[in-house]
1. Spelling out what I want: for every residue of the stretch 625-630, take phi, set θ = phi - 60°, compute 6.51 cos²θ - 1.76 cosθ + 1.60 (Karplus), and round to whole Hz; glycine and proline get x.
2. Determine the shape class of the stretch 599-729: with a ≥ b ≥ c the square roots of the Cα gyration tensor eigenvalues, call it rounded for a/c under 1.5, and otherwise prolate if a/b is greater than b/c, oblate otherwise.
3. Out of GLY416, TRP341, ASN131, whose Cα points farthest toward the positive end of the dipole of the chain (charges: +1 Lys, Arg; -1 Asp, Glu; placed on Cβ)?
4. Using a Förster distance of 60 Å, how high is the FRET efficiency between ALA139 and VAL321, based on the Cβ-Cβ distance and rounded to 0.05?
5. Using only alpha carbon pairs under 8 Å that are at least six residues apart, calculate the relative contact order of the stretch 301-457 and give it in whole percent.
6. Can you figure out the FRET efficiency of ALA344 with LYS460, using R₀ = 30 Å and their beta-carbon distance, to the nearest 0.05?
7. Give the carbon-plus-sulfur fraction of the accessible surface of the stretch 383-441 in %, rounded to a whole number; probe 1.4 Å, heavy atoms of protein chains only.
8. Ignoring ligands, DNA and RNA, what accessible area per residue does the chain give at 1.4 Å, in Å²?
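The values are calculated or read from the model by the stated rules, or taken from the named source; none is laboratory data. Everything numeric here is computed off the predicted structure, so don't read it as measured data. So basically every Cβ, Gly included, is an ideal-geometry build from the backbone, and we count neighbours across all protein chains shown. Please note that ligands, DNA and RNA were not included when accessible areas were found on the heavy atoms of the full protein model with its side chains. Shrake-Rupley method; radii C 1.70, N 1.55, O 1.52, S 1.80 Å.
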Amino acid sequence: MERHLSYCFLILSTFLNLGFVHPLTVDIEETPKASKWSLEEEERQKKTLKLSKDPLTRAGLSEALEDWEGCITNARLVSKKSLVRNWVELLELSCAIRLAVPESKSKNKMAATYLEGALKRIESSPKEDQNKSLADKKAGAILQGRLILCQYFQKHARWKELRSELQKAFLVENEYSKPDRAILFGLAGEVLVAERQWTDALLQFQRARDLDPDTSFVETRIRAILPMVPSSAREQFESKIKSLSPIENINPVNPSPDELEIVNQAESFINRNDPASAVEALSKLLSKFPGGVRAKWAQDKIFELLNIEIEKSKGPNGPSVIKKKILSSMSEFDSDRQFEWGKALFDMQMYADAAPLLKNSADLISGSSRAAKGYYLAARAFQLGNEYSKAKEVYQTILKKYPSASEVADAAIQWGLIGINDNDPSEAITHFEVARSRHLTNQQDLISLFWLYQSYKMKKAESGILDTSSDLIKRFGLTYYGIIAYQDIRKSLPQFTKSKVKTGKVYFSHQENQSIERARMLISAGLFNPAADELSVFSSRPLSQDEEQYLVNFYSQSVHYQKVFSILSSLFDEAPEKKSDFLVKKLFPKEFWEFVSDDKLRSEVDPLLLLSVMKQESAFDHNAVSHSGAIGLLQMIPPTAQEMKIELKSDIDLPSGLSDPVTNIRFCAHYLMELIKKYNGSVPLALAAYNAGPKRINQFLNAKGGQVRDTWVDELPWAETSFYVKSILKNYVMYRILYGGLTQLPTPPWANTSPN
């Protein structure tokens, strides 16, 4: 099959002008020599920099040290005949941009000269032999560099040079974003102001404002210039200037007098701190004017008042009478409103209050396909509140009345988990089998198969145990659940064969061979991102197994592990004994080991656990930033980092300091240690709290009556956290097998687990 793919590529390459493909025998375990991703203390870094004779390496080290001038100087020393010349020109321009950016603290008088020179060189360099990634990055850098150069000239009142650069920028005006175009027009206006061409300047500022109304300096400039403009030209602008003042957003639709009267009554009761009367008035408003102007306001107010009573009910006196009245009033409304309120309560983990509203909302539209979602959330709320009999009744409604609903598989799985917790394996088996008869996602498939296996173990059904365990090992061998099944059946943890084949055959074109050589040179200089981008030439075609293994080494050395994991993801579809230790270690690298194994950290948290979290959180990218604002290798959010800063008496700047691997590892290790202690040594619970937050996990445990049953990870109301915990436990087991000599899991494997 591999040879067939390669021959196909040989034919395609001829048509694509990639050059003929020649088979090469390579060391498929070759590990390109790489500079350390990080550098040690400053004095040692400088010494290393002086001792290095290779200008490419010196340029890479200078960039890592944020020595932008040194980066530029050394980049210029790289031979024009170098294979990586195009990347070096991009590096020079990037460092020149960093030196000249408006917010830079540098006062280097040569900044503009460096930036001009870098732009000139990169624009005049040959365009051949560039992959798309390089070409795109160069184009973007040229646009950014010219804009910053223009801003630099404006800041230093160098109007002649600014005019010249603006002319070049406007040749490709449409390639800039709207905000950047607004800046260009604003700069053009400044040139014209300097030349006392008031009318033309006003036109440029107006164009800037049209492109980006939030450009604050433009309004000031327009107002300042307007008196300078001849009266004949001024009038056309004065009408536009009036719109510069913010206009208050007034709702054009007013409530009717009858509606307004009830609104006023409700507000009066709220102001008098009479929630019972307020809810009565708000309910009246929603009943009489369900689609009125203030209907959404009334709905939100009722929920707001409920929240106040929920907080009061947490006291020693228990649920307040008013809280019960509000919930009773809510149950009188339409299905959609009850669902919204119920879902909000569910998300707040107020399961006892959420369940009746969600079930009621579904009952009101019983027969509609939309009802299944309400019933499922109601059943989950009953289940999470330990009301198993009520949960099963609602799950049964879903399975009987809505057999084609998307919620059926999850409903059957959760019912099966209840069967396990009720010590009824027959009931559990029945419902896991129902789930497995559906079209399942990968996670549903794994969860239902694993707990079906556990159910057969409870029932001591040997044939079922054998079938499900074999399926788990074969299809999910390197998942946490697959490893548990492997140990149960094989009486040991997976061990991986030593790789015997050191060489392999690859089919590379001339262009691909050149990319490999460039990547090797860039990796050796510590320029890891360019090295990974250079290898993107291989993303457009299928790769043989030898080619994949060969390329994985280059991506690993460039600390581009997302690509490594993507290429090797097929490993998880094979039984463990088919995997070589060489490739498995590529999936579980010991990156940043010198930091996680520091003696002070080792006394707090097992370094292999830190690597396990790091792999899941950031794939070892120390610059990673999540959509929720978590930063760095172990993805810590700034508020938590601030707490750790105080506890550790650190003077690091936040949040920027979280991108520093040493700081990130130190802060996160301390926080994880605190969580492990908080949950009495339970690593799984600590991981759940690390992901979802301790408050949510505490509420989950409280709702479960403090009982941590075997099934708790898959009963969590947050699928992301459930997946997260199992992924890191899998990582942890694998790291301990590969590097810690682990031969047996604790029994049971989800019980309290010592970090050492």
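1. Coupling constants for the stretch 625-630: 9, 7, 5, 8, x, 6 Hz.
2. The shape class here is prolate.
3. ASN131
4. Result of the calculation: an efficiency of 0.30.
5. Computed value for the stretch 301-457: 12 percent relative contact order.
6. 0.10
7. Numbers: 1170 of 2590 Å².
That share works out to 45 percent.
8. Numbers: 36790 Å² over 756 residues.
Here the per-residue accessible area is 49 Å².
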